[in-house]
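Only one structure is covered here, and it is reproduced in the block below.
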Amino acid sequence: MKLNKYFADLHIHIGRASSGQAVKITASDKLNFSNIAKESLERKGIDVVGIIDSASPDVIKDIEFMLNKNIMKELDEGGLLYKDELLIIPGAEIESREENGGQVHYLAYFPYLKNLKEFSEIMSQYITNINLSSQSTGLTGKEIFKITKVCSGILIPAHAFTPHKSFYGNAFSTYKEVFNEKQWNEIPAIELGLSADTKLADYLPELRNKSFLSNSDAHSIPKIAREYNIFKIKDLNFKEIKLALKRKKGRKTTKNFGMDPRLGKYHRSYCPECETIFSSDKTVDKCPVCESDKLITGVKDRVLDIIKEQESKSPSYRAEYIYQVPLLNLPGIGKKTLKKLLNEFGTEMEIIHNSKYENLKSIVGPKIADLILKARKGNLSIESGGGGNYGKVSE
């Protein structure tokens, strides 16, 4: 049996439905279901997308319109196939209210439109405005897990380490604080988030059996596929993605392409009083510069605070983590330069992974060509981000 490799980004937001209804308030109005599909296929060059916020009733109408117009079709094995090339997994981002007062964002994915509709109808009983994404449900993670399961969906923690509204970042030190072992074993993966990588996550022994996902959490069109994965699966459908997340029948995630965690907004702890980003390998509870204790705890510092082991140990099946810098994050690449590259190479995946140095140099010159090759090999110089400020690539 031949298995194929596919690029996948499973966390893309919708700003508005085609009706004009706001969906994700903080996302671009240009992010609607149709535009995401078109951009992902034609410009980004990825094969699988998870479109979050699909449980909004107006987005469901957009999905039905595209199905009725034969722009997409629903697959027997689950998922939506756009123009016979792009697999779309409809999903939702849900915010819990845990018993300890913590708030966590979870991602739920569904195989069929009927499951998505059922989930939307159930959640409308708990969400003030079901049209809007990531609204507080008042439900615990355990309750959201049960509802998702009833609707034949998969639930995973979103951006699991970020300081705001995440599983490990501000709610729990261990899954045992919310899930029993059986429930935890049915959650196949976690999303690392922009400020974490495999090495950081593998400090936690309880994550050894989880697949890791690197997704864009895109709030604008250009951010699609700033992080992504390679799945090794047989065909493009929901069933195969589920098998890959569970690492069954040879299916699996083979690579995570993630931004270097230092580029994330919350990688290191930050003091808002004196605007200092910490760089020590030890956790601190007071700013060493101004002695303020009102700190924004960074992802690395949070993990160091809760780890049960002093070293990171990755299991043999763990996907290779490759530090990937989005093209628009590279000095000298703006919209015009990116357009020139796309005109020559077709898609961003082609530019990032397959373009030859001499061909790049002929289009954008040696300086930018060198940066693209350095990014491909993970050899860029980077200043760490923190406190809501992205890290930077140094030339």
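What follows is calculated from the coordinates using simple rules that are stated; it is not laboratory data. The model shown is predicted, which means the values in this text are computed figures rather than measured ones. Neighbour counts run over all protein chains shown; Cβ positions are idealised from the backbone, glycine included.
Summary table
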read-out: Percent RCO, i.e. relative contact order, over the stretch 4-261, from Cα pairs under 8 Å lying at least 6 residues apart; value: 21 percent
read-out: Relative contact order %, the stretch 328-379, counting alpha carbon pairs below 8 Å whose residues are six or more apart; value: 34 percent
read-out: Value of [θ]222 nm, deg cm²/dmol, for the chain, DSSP H segments ≥ 4, -39500 (n - 2.57) each, nearest 500; value: -7500 deg cm²/dmol
read-out: Per-residue ³J(HN,Hα) for the stretch 225-232, Karplus 6.51 cos²θ - 1.76 cosθ + 1.60, θ = phi - 60°, Hz, x for Gly and Pro; value: 6, 6, 9, 6, 9, 10, 9, 9
read-out: Extension gain from LYS294 to GLU344, taking 0.36 nm per residue of separation minus the Cα-Cα distance; value: 13.0 nm
read-out: Translational diffusion coefficient (Stokes-Einstein; Kirkwood radius from C-alpha pairs) of the stretch 328-379 at 20 °C, 1.002 mPa s, in µm²/s; value: 199 µm²/s
read-out: Cα-centre dipole for the chain with unit charges at Cβ (Lys and Arg positive, Asp and Glu negative), debye to 20; value: 1100 debye
read-out: Sequence-distant residues sharing a close amide H with TYR321 (under 5 Å, placed H); value: ASN256
read-out: Computed lengthening from GLU311 to LYS335, 0.36 nm per intervening residue step minus Cα-Cα distance; value: 4.5 nm
read-out: ³J(HN,Hα), Karplus 6.51/-1.76/1.60, whole Hz, each residue of the stretch 200-205, x for Gly, Pro; value: 5, 5, 7, 5, 9, x
read-out: Orphan Cys of the chain, criterion: no other Cys C-beta under 4.7 Å; value: CYS151
read-out: Rg/Rh (Cα only; Kirkwood hydrodynamic radius) as it applies to the chain; value: 0.95
read-out: Burial ranking of peptide ranges 159-170, 201-212, 251-262 (average Cβ count within 10 Å, highest at the top); value: 159-170, 251-262, 201-212
read-out: Distance between modelled label sites at LYS176 and LYS73, nm, 7 Å Cα→Cβ extension; value: 5.0 nm
read-out: ASP285-LEU113 FRET efficiency (beta carbon distance; Förster radius 35 Å; 0.05 resolution); value: 0.10
